[in-house]
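Since the structure comes first, as structure tokens, the remarks are kept for the end.
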């Protein structure tokens, strides 16, 4: 072989060696196991990429010459080096031992580590090679399994679930202690004495027996099987059974191991949810969701003629404003009761939302529908809400042919209902406003006397200012109704004559706003509502509810305020000592320019002086 061939062979060998080293590096870098090697001083000579990433240095080349004190796991450096020295000094391997390491994310992990000595060509140890693999998930699973087994033991003793075992014939050979609490049976009353189906109610025993015998014969695994069991005192429980058959060496069933979980409360909750999804929570009637689904069932030939009645409770907002939302709920509940009482068992009654109700009358013609509608109105006339008459608007329509859509039929009933509502709206609202004032006066005779006195004073002042005719009647009515908002007050506050707390005073202050809302519901009373709202405003801006000042306050509101001041001084209505007429006039002067407009004060005071 000449010199040229020798050189070529050497180069080929070097190339093959480099390729071999590259291949080895690729293999080491591709495996999930962490690989590293150190010198006798426990400084790193190299590692694979996975190890470098965990170390916090990312690239293998950056670790060379580093020690464990420079890694993210520096707290464990001394422990690692102790193992390294042992391997290098004794020449013995240390294989598959578990230790902790901290990774590049700062997480504490469990690893399985192996370390072996590295020898040079002379057989001397020059370092060590180590590997480790992350077994944290395995460790955690084992821990969880132990915890699970511990909890299972506790559950077996404490749970209301029944853990049991049956022999091939279906007789109990084991029941957990929970049998006593769950079913009322002691273990001795069940073991070897009862078959599984004997704990079921009589009407289900045969079906349960047939299914259970099939399971035991064929070795079937039972998953989420729901059925009823019966307690010793006769109560039904809904249970879910899960279990499996164990087989002997010949493949025959030798037992069935299972667990019965009491799901009675879940089933009751499901029923409650199902009920609420189709029923209105306040009235107990069906809701819109149910009706929208039921319409498809009703829209068939055999249900014709199909009549429907739309009902709208009158005055809901007014009653809410005057008496609170509890009274509004009472209005809706009593409307529902009246409709239910007037209709038949086969009729469908629903609250469609807000103050609207809908009744479906299958196989019912116009004449019978009008009778039922009449019964509703008769019952309503006898029913009261917060001592006010119950009132609602009604409209009906009878669908006689399938070619009329349900949408059109419902629209017809709704149109008729709104036609009646619009026709009677003002009359109904006037009646409600007058009934509310009447209720206030029934609750407090003093409020009625006060209203009359204010009306008389305001009338005299109005006449002195040249107010007459319809305008004078409007002013008098505003004076008579000015405290109607007090209907919302509790009895103890309405009749109270003692000093009020800050909270109680705030409740009373609201009466002007509530009175405004009540009067604002009726066209007849709307012109009076702004007068009532401002009748406690003061000229100096210290009044309520808006803190209006000076000429911002309606003149007629100031007249009522003036009359109120005089009445408070000359009566015991507020619990204060009543002044004589002359003393009251003298005290009234304090209101000039503060509570009352000074431009009118003297004129109005003269009216009071001349009235005696």
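Taken together, the values in this text are just the output of simple stated rules run on the coordinates, not laboratory data. The structure presented is a predicted model; accordingly, all values stated were derived computationally and were not measured. All Cβ positions, glycine included, derive from the backbone under ideal geometry; neighbour counts span all protein chains shown.
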Q: Using only Cα atoms, tell me the angle between helix 366-381 and the longest principal axis of the chain; keep it within 0 to 90° and round to the nearest 10.
A: 70
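Would you work out the relative contact order for the chain, in percent, from Cα pairs under 8 angstrom that are 6 or more residues apart?
Working: 963 pairs, mean separation 38.3, N = 612.
Contact order relative to length: 6 percent.
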Q. Which of 357, 76 comes first, and how do the rest follow, when ranked by fewest Cβ neighbours within 10 Å?
A. 76, 357
Q) If you take all C-alpha pairs in segment 326-418, what percent of them are over 23 Å apart? A) 23
Q: Take the alpha carbon gyration tensor of segment 335-380, find the square roots of its eigenvalues, order them as a ≥ b ≥ c, and report rounded if a/c is under 1.5; if not, report prolate when a/b exceeds b/c, else oblate.
A: oblate
(Q) Report the Cα centroid-to-centroid distance between segment 318-355 and segment 428-469 in angstrom, as an integer. (A) 32
Q | Label assignment, log10 I(q)/I(0) by the Debye sum over Cα atoms at q = 0.05, 0.09, 0.10 Å⁻¹ derived from the structure, set (i) -0.62, -0.91, -0.98; (ii) -0.21, -0.69, -0.87; (iii) -0.32, -0.87, -0.99 | A | (i)
Q. Using alpha carbon coordinates only, what is the Rg to Rh ratio of segment 446-587, with Rh defined as the Kirkwood radius?
A. 0.95
Q) Sorting 37, 556, 73 on the 10 Å Cβ count, fewest up front, what's the list? A) 37, 73, 556
Q: Sort 98, 508 so the one with the fewest other Cβ atoms within 10 Å of its own Cβ comes first.
A: 98, 508
**Q.** Mean separation of Cα contacts under 8 Å, 6 or more apart, over the residue count of segment 272-369: relative contact order %
**A.** 38
Q) Label-point separation (nm) for residue 77 and residue 218, each offset 7 Å from Cα along Cα-to-Cβ? A) 6.8
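Taking 0.36 nm per residue of sequence separation and subtracting the Cα-Cα distance, how much length would be gained by fully extending the chain between residue 345 and residue 296, in nm to one decimal?
Difference between extended and current length: 15.6 nm.
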Q: From the C-alpha gyration tensor of segment 24-139, pull out the three semi-axes of the equivalent ellipsoid (sqrt of 5λ each), sorted largest to smallest, in whole Å.
A: 21, 16, 14
Q) Per the Debye formula with a single identical scatterer at each Cα and no solvent contribution, what log10 I(q)/I(0) holds for segment 412-479 at q = 0.19, 0.20, 0.21, 0.29 Å⁻¹? A) -0.83, -0.86, -0.90, -1.11
Q: Could you check the simple spin-label distance between residue 544 and residue 320, using points 7 Å along Cα→Cβ, in nm with one decimal?
A: 2.3
Q. What full-extension length gain, to one decimal in nm, is calculated for residue 456 and residue 108 as 0.36 nm per residue of separation minus the Cα-Cα distance?
A. 116.4 nm
Q: Note down the nm distance, to one decimal, between modelled labels 7 Å out along Cα→Cβ at residue 572 and at residue 505.
A: 2.4
Q | Shape metrics for segment 159-267, restricted to C-alpha atoms - Rg then Dmax, Å | A | 13.1, 42
Q.
Report the Cα centroid-to-centroid distance between segment 482-543 and segment 78-106 in angstrom, as an integer.
A. 85
Q) Which stretch or stretches of segment 424-438 have amide N atoms under 20 Å from the point lying 7 Å from residue 473's Cα along the Cα→Cβ direction? A) 426-435, 437-438
